[in-house]
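Comments concern the structure below.
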Amino acid sequence: MEYLDSTHPEWDDMWEDLSAYAINEGNPLCIYKGMCWEYLGSTPDHHNFRHPKHPKTGRVEHIYIERARSAVGWA
């Protein structure tokens, strides 16, 4: 797994994709009692996020966002 920093070309898009999930209602952080979405790292195929206690569900949530380069890897 690799960790992308905030200057990486995929950084803004992956956070925008995270906010687009229905559970997040357009909010990329979903702050709840000082907790928010955490970026855990990226594999060649996915960006991995974890929320320790999502405000909508009250429990730990994980989201795996497909990386753009893996979606077109067959081309």
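Is it the case that the stretch 8-22 has a residue that's loosely packed, with under 14 Cβ neighbours inside 10 Å, touching a helix residue (DSSP H, G or I) at 6+ places or on another chain (Cβ under 8 Å) and either of a type in the set (V, I, T) or at negative phi (or both)? No, because not a single residue in the stretch 8-22 is loosely packed, with under 14 Cβ neighbours inside 10 Å, touching a helix residue (DSSP H, G or I) at 6+ places or on another chain (Cβ under 8 Å) and either of a type in the set (V, I, T) or at negative phi (or both). Of all residues in the stretch 1-29, those that are over 12 Å from S42 (Cα atoms) have Cβ atoms under 7 Å from Cβ atoms of residues that are surrounded by 13 or more Cβ atoms within 10 Å (Cβ to Cβ) and among the acidic types (D, E), 6 or more apart or on another chain, in I23/E61.
Among the residues of this structure, N48 counts as one that is assigned to a strand (DSSP E or B) and either modelled with pLDDT of 95 or more or more than 14 Å from the chain's Cα centre (by Cα) (or both). Summed over the stretch 15-65, residues that are β-branched (V, I, T) and closer than 18 Å to E2 by Cα total 3. Within the stretch 37-49, the residues that satisfy the criterion of being surrounded by 15 or more Cβ atoms within 10 Å (Cβ to Cβ) and closer than 15 Å to E16 by Cα are W37, Y39, H46, H47, N48, F49. Within the stretch 23-44, being under 15 Å from Y64 (Cβ atoms) and over 13 Å from the mean Cα position of the chain (by Cα) holds for one residue alone: P44.
The values are calculated or read from the model by the stated rules, or taken from the named source; none is laboratory data. Remember, it's a predicted structure, so these values are computed and weren't measured experimentally. Positions of Cβ are generated from backbone atoms using ideal geometry, with glycine treated the same way; all protein chains shown enter the neighbour counts.
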